[in-house]
Amino acid sequence: MGKFVVKYTPSGQPRFTLKAGNGQVIATSQVYKTLATCKAGINSIISNAPAAEIEDQTVENFEAKKNPKFEIYTDKAGEIRFRLKAKNGQIIASSEGYKSMKSCLNGIESVKKNAPDAEIELPDMSSAAANLEKPAVKKRVNKLKNYEVAK
């Protein structure tokens, strides 16, 4: 069974990875402003991934699919990647670069298989609080009124 692992970036913002049962990262999120929006991103993957079709943008005259969908594309380094788009068209997860189409398709199948029943591992709030002591974060936090670390 897979799991979503939520961690805080050095700037104090949450993001998550989806890991397969073997611990390998199969998808990564964007950076979110709050833990609540990060959790909403996880819920979006859980609800969108199983029904998402695959749109292979690596071929000429590819057939455009409706959202939600997995878009397969070739990055600037020539590696094959996928991104999962929600019903509203927002990118909710991206993959690492793959050397082959078969590996990329296996990654997509792993997201579809692991996301629906994946457990969610939330960060230790002490690590979030420790991030608040970093100068770049302190500067941003000082601009906010009534700042509290979400639990």
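Derivation of every value follows stated rules applied to the coordinates shown; laboratory data play no part. Bear in mind the structure is a predicted one, so any value in this text is a computation, not a measurement.
Quick rundown of the values:
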quantity	calculated
Mean Cα-pair separation over length for the range 52-114, i.e. relative contact order, pairs under 8 Å, 6 or more apart, %	23
Above-threshold pairs, the threshold being 24 Å between Cα atoms, out of K66/K113; K19/K69; K39/K85; K7/K66	K7/K66
nm² value of the averaged projected area, convex hull over the Cα atoms of the range 3-143	9.7
Per-residue ³J(HN,Hα) for the range 99-109, Karplus 6.51 cos²θ - 1.76 cosθ + 1.60, θ = phi - 60°, Hz, x for Gly and Pro	7, 10, 5, 4, 5, 5, 4, 5, x, 4, 4
Under the Karplus curve 6.51 cos²θ - 1.76 cosθ + 1.60, θ = phi - 60°, whole-Hz ³J(HN,Hα) for the range 89-96, x wherever Gly or Pro sits	x, 6, 6, 10, 6, 9, 9, 6
